[in-house]
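In what follows, a single structure is set out as structure tokens and then discussed.
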Amino acid sequence: MLYVSSKDIFFLIEMEGFGFASVLTMVFAGQVYLRYKEPSIPRPIKVHIALPISLFLISLGIVILTFYQKPKESFMALGLVAIGLFLYFIGTWKQKPKEITDKINSFNILIQKLLIVIPPDNADEVDWE
């Protein structure tokens, strides 16, 4: 809704680009971190360490430059990323309090009713892949 309320398309493009660069920076930093801390983890693709390091530095440069040039858009995008991370951690929290679980379930039921979602006749026939 925040995106839709803005009348300046370039503001939205810059804010989205900054958010994307921030997330990419975190992803590449995580790749480098895991390569050193957990080198024996099986990976489907193993690239030379120079690639994630260089991509991290490039993404970090984009983030720093955007922060310098467009601080308002940068802080708004970081705020949206922080809200997303907060909601992610709430959603993946294993032992949620009953109040939170009840609210999530009631929200799910509301969305299912709005979208007219019904369970399949036979759950064994559903192809999940």
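Suppose the filter is in contact with an Asp or Glu (Cβ under 9 Å, 6 or more places away or on another chain), open to solvent by less than 80 Å² (accessible area, probe 1.4 Å), among the hydrophobic types (A, V, I, L, M, F, W, C) and modelled with pLDDT under 90; does PHE11 pass it? Steps first, answer last, please.
Values: in contact with an Asp or Glu (Cβ under 9 Å, 6 or more places away or on another chain): yes; open to solvent by less than 80 Å² (accessible area, probe 1.4 Å): yes; among the hydrophobic types (A, V, I, L, M, F, W, C): yes; modelled with pLDDT under 90: yes.
In short, yes.
What number goes with the only condition from (1) open to solvent by less than 80 Å² (accessible area, probe 1.4 Å); (2) in contact (Cβ under 8 Å) with a residue 60 or more places away in the chain that GLU16 does not pass?
All conditions are met except number (1).
The values are calculated or read from the model by the stated rules, or taken from the named source; none is laboratory data. As the structure is a prediction and not an experimental result, all values here were calculated from the model. As a convention, Cβ positions derive from the backbone with ideal geometry for all residues, glycine included, and neighbour counts pool all protein chains shown. All accessible areas refer to the heavy atoms of the entire protein, side chains included, with ligands and DNA or RNA removed. Shrake-Rupley method; radii C 1.70, N 1.55, O 1.52, S 1.80 Å.
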